[in-house]
Amino acid sequence: MRLRWLGHAAFYVEISGRKVLIDPFLTGNPVCPVKPSELEHVDIVVVTHEHGDHLGDAIEIAQKFDAYFVGIYETAQRASQRGVKKAVGMNIGGPGELEGLRIALTPAFHSGLPVGVVISSGSETLYHAGDTGLFSDMKLIGELFHSDVALLPIGGFFTMDPEQAAIATTLLKPKVVIPMHYNTFPVIRQDPELFKKLVAEKAPDVEVVILKPGEYYEYKK
Ligand code: NI
Ligand code: MN
């Protein structure tokens, strides 16, 4: 799989030939390097919750590409009411199959109706934690889904900070962890190198990949 960080919690993921856009906060995102109009193609848009920095441009992008819009039931329902044709309302539990991918929503501790999401091609698995605090059932998410790559918020204030996200990494046990949801705004300013150092101490088997907004990362098993 190849993914591109678009800043904040937004990722453009190419997995098993499908193009999945997660939490596309592009317009108004001070660190996002691309405009919605510059996106090549999107098959599936996933929204972890309806806060503006996650819902972002999701409705417009789903409509433009006639993409599936995946979110928790109520979020998908509202997208449908706003004109999205292929809104898929899921809920926390076992995976569903869409476009050859297995997609599961996971708990997240945050306000509103927050979830994380696991996306798997069968051979490669990605976990995007959404906005969340630390919780011990991340251990269960790790045991259930065996993520290759985990995307974890480290900004603090609204979500986990570097220390908590390092503990999350020990629970999830991914192969690779990529920090997100930091340095978008002053209130979530963090040093990703601190996160890297803490993971090296607590979970030395996990590789930390620090991206700059706009950068790509290719995961090879
Ligand atoms: Ni939020
Ligand atoms: Mn957020």
Go through Asp161, Asp43, Asp23, Asp205 and list them by solvent-accessible area, largest first, probe radius 1.4 Å.
Asp205, Asp161, Asp43, Asp23
Distance in nm between label sites at Ser111 and Gln77, each 7 Å beyond Cα in the beta-carbon direction?
2.2
Probe 1.4 Å, heavy atoms of protein chains only: per residue, the accessible area of the chain in Å² is 43
For the range 2-212, which whole percent of the accessible surface, found with a 1.4 angstrom probe, sits on carbon and sulfur atoms?
51
The range 2-212: antiparallel DSSP beta bridges as a percent of all, rounded to 5:
50
Considering amide H positions built from the backbone, and no H for Pro or chain starts, which residues 5 or more places from Met180, or on another chain, come under 5 Å of its amide H?
Leu152, Ile154
Estimated FRET transfer efficiency (Glu163, Tyr216; beta-carbon r; R0 25 Å; 0.05)
0.35
If you build the Cα gyration tensor of the range 100-158 and take the root of 5 times each eigenvalue, what three semi-axes come out, in whole angstrom, biggest first?
20, 11, 10
Of Ser147, Ser123, Ser16, which is the most mobile in a GNM of the chain whose springs link Cα atoms less than 10 angstrom apart?
Ser123
Taking the Cα centre of the chain as the origin, how large is its charge dipole in debye, to the nearest 20, when only Lys and Arg (+1) and Asp and Glu (-1) carry charge on their Cβ atoms?
200
Volume per residue, Å³, of the convex hull around the alpha-carbon atoms of the range 11-73?
82
If you average the sequence gap of Cα pairs under 8 Å that are 6 or more apart and divide by the length of the range 38-178, what percent do you get for the contact order?
15
Which order do Asp66, Asp148 take when ranked by solvent-accessible area (1.4 Å probe, heavy atoms of all protein chains), largest first?
Asp66, Asp148
Can you give the accessible area of Leu151, probe radius 1.4 Å, in Å² rounded to 10?
0
Can you bin the range 107-221 into rounded, prolate or oblate? Criterion: square roots of the alpha carbon gyration tensor eigenvalues sorted a ≥ b ≥ c, rounded for a/c under 1.5, prolate for a/b above b/c, oblate for the rest.
rounded
Which shape class, rounded, prolate or oblate, goes with the range 1-118 when its Cα gyration tensor gives a ≥ b ≥ c as root eigenvalues, a/c under 1.5 marks rounded, and past that a/b bigger than b/c marks prolate?
rounded
Computed [θ] at 222 nm, helices only, for the chain once each DSSP H run of length n ≥ 4 contributes -39500 (n - 2.57):
-6500 deg cm²/dmol
Per-residue accessible area, 1.4 Å probe, largest first, puts Asp53, Asp131, Asp137 in the order Asp137, Asp53, Asp131
Taking Cα pairs under 8 Å and at least six residues apart, what relative contact order does the range 111-221 come out at, in percent?
22
What is the percent of Cα-Cα separations in the range 126-182 that go past 18 Å?
18
Rounded to the nearest 0.05, what FRET efficiency do Ser123 and Ile92 give with R0 = 22 Å and r taken as the Cβ-Cβ distance? Could you check?
0.35
Cα radius of gyration and Dmax for the chain (Å):
15.7, 48
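The values are calculated or read from the model by the stated rules, or taken from the named source; none is laboratory data. Being a predicted model, the structure only gives us computed values, none of them experimental. Quick reminder, even Gly has a Cβ in these numbers, built from the backbone with ideal geometry, and neighbours come from all protein chains shown. Ligands, DNA and RNA are stripped out before the accessible areas are found, and what is left, the full protein with its side chains, is counted by its heavy atoms. Shrake-Rupley method; radii C 1.70, N 1.55, O 1.52, S 1.80 Å.
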